[in-house]
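The values are calculated or read from the model by the stated rules, or taken from the named source; none is laboratory data. The structure presented is a predicted model; accordingly, all values stated were derived computationally and were not measured. Every residue, glycine among them, receives a Cβ derived from its backbone with ideal geometry; neighbour counts consider all protein chains shown. When the accessible area is computed, the model is the full protein with side chains, heavy atoms only, and any ligands, DNA or RNA have been set aside. Shrake-Rupley method; radii C 1.70, N 1.55, O 1.52, S 1.80 Å.
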Amino acid sequence: MTTMTVNDAITAALAEEMRLDPTVMIFGEGVATKRHDLLEEFGAARVRNTPLAEGIIAGTAAGAAATGLRPVVDLLFAPFLCYAMDEIVNSAGKLRYISGGQFSFPMVVLAMTGAGWGVGAQHNHNVESWFVHSPGLKIVMPSTPADFKGLMKSAIRDDNPVLVFADIALGYSTGEVPEDADAIPLGKAAVRREGRDVTLVSYAKTVGTCMAAAETLAAAGIDAEVIDLRSLKPLDEAAILRSVARTGRLVVVHEASRLCGVGAEIAAMVAEKAFASLRAPVLRLTGPDAPAPASFPLEQAFVPQADAVVEAVRSLMVERGIA
């Protein structure tokens, strides 16, 4: 095992895939600067800085993918994807279908998202559900360095466009990564903690929030299971349904706003497919429907915290006379 940061895990995955496949390349905003090790090893033909022109970057990637390359593009902050919506959603996401399968678009889009740096509303905005709603795209949002490495490898190998959202607050977090780690299949959730009383479902940095809440709940005799989705599309419905069938209670936690978020989809799916297993209403803890503040303390108040998760779980248990 090697201890590394999330940022280093992403770079490690890129390096390994670029050594295996000469068609893999990376370009984008500041790529050759912040990943200078890749530039030194693979050269400027495969590692390139670009102007701040997100639509052109994404459009170039879609064209490169259609011709047989496997481009990875870094668009820095997730809200900047607004400038590349046509290229990502209408071109990369739809042209494989429109062409009757004559073309594939094996491209990866990297973007940072979420609170943690106090960068303000135009840089901090969780937009993952926009792309979950777009046909033809796959979306991953891991929480650990090992998962970032494994899922990046799968994303690069996939013949469809994959968006990899990296939570800003996780960039320099560390964790153990197997030296021989291979790709982690897209669409497979991870059970971070097993439990019998309530299921906590989350992704990205709020997985840590749920883990902290589970420890507090355990001290009170409430056993919480924590599921890390890792992939938002494809979504591991089976893992969620198995857990809810056992616990009978579900709380979904994410930083993105509540309205039409990933939590809403999970709540609807469980209501449709596991209603008989539920012993309490499904709850969602999310960020507010408001632009993110630049102030760090206010930004932290913007994000669901462990004590709020504990309170939500307690409310479900008290309603049923268990705690």
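Just need a number here: residues in segment 296-314 that are closer than 14 Å to VAL252 by Cα and part of a helix (DSSP H, G or I).
Going through segment 296-314 one residue at a time, the tally reaches 7.
Out of (1) over 28 Å from THR206 (Cα atoms); (2) surrounded by fewer than 24 Cβ atoms within 10 Å (Cβ to Cβ); (3) of a type outside the set (Asp, Glu), the odd one out for ALA61 is which?
So ALA61 meets the others, but not (2).
Test of understanding: among SER91, SER104, which residue is open to solvent by 20 Å² or more (accessible area, probe 1.4 Å) and over 27 Å from LYS34 (Cβ atoms)?
SER104
Consider only pairs whose beta carbons are under 7 Å apart and that are at least six residues apart or on different chains; among these, list those whose first residue lies in segment 66-86 and is more than 17 Å from LYS153 (Cα to Cα) and touching a residue at least 24 places away in the same chain (Cβ under 8 Å) and whose second residue is assigned to a strand (DSSP E or B) and open to solvent by 30 Å² or more (accessible area, probe 1.4 Å).
Close Cβ pairs satisfying both conditions: LEU76/MET112; PHE77/MET112; ALA78/MET112.
So which residues in segment 296-323 are β-branched (Val, Ile, Thr) and either surrounded by 12 or more Cβ atoms within 10 Å (Cβ to Cβ) or under 21 Å from the mean Cα position of the chain (by Cα) (or both)?
VAL303, VAL309, VAL310, VAL313, ILE322
Scan segment 191-206 residue by residue and report those that are in a strand (DSSP E or B), of a type in the set (Val, Ile, Thr) and under 19 Å from PRO142 (Cβ atoms).
Selection gives VAL191, VAL201.
Mind telling me which of the residues ALA183, ALA146 ends up being open to solvent by less than 40 Å² (accessible area, probe 1.4 Å), within 23 Å of LEU20 (Cβ to Cβ) and not in a loop (DSSP other than H, G, I, E, B)?
One residue alone meets the criteria, ALA146.
For residues that are of a type in the set (S, T, N, Q) and over 10 Å from the mean Cα position of the chain (by Cα), scanning just segment 140-168, find the one that is nearest to TRP130 (Cα to Cα).
Restricting to residues being of a type in the set (S, T, N, Q) and over 10 Å from the mean Cα position of the chain (by Cα), the top hit is ASN160.
Which residue is farthest from PRO234 (Cα to Cα), if the candidates are limited to segment 154-171 and must be of a type in the set (A, V, I, L, M, F, W, C) and assigned to a strand (DSSP E or B)?
It comes out as ALA166.
Residue by residue through segment 107-139, note down the ones that are within 11 Å of the chain's Cα centre (by Cα), surrounded by 24 or more Cβ atoms within 10 Å (Cβ to Cβ) and polar (S, T, N, Q).
THR113, ASN126
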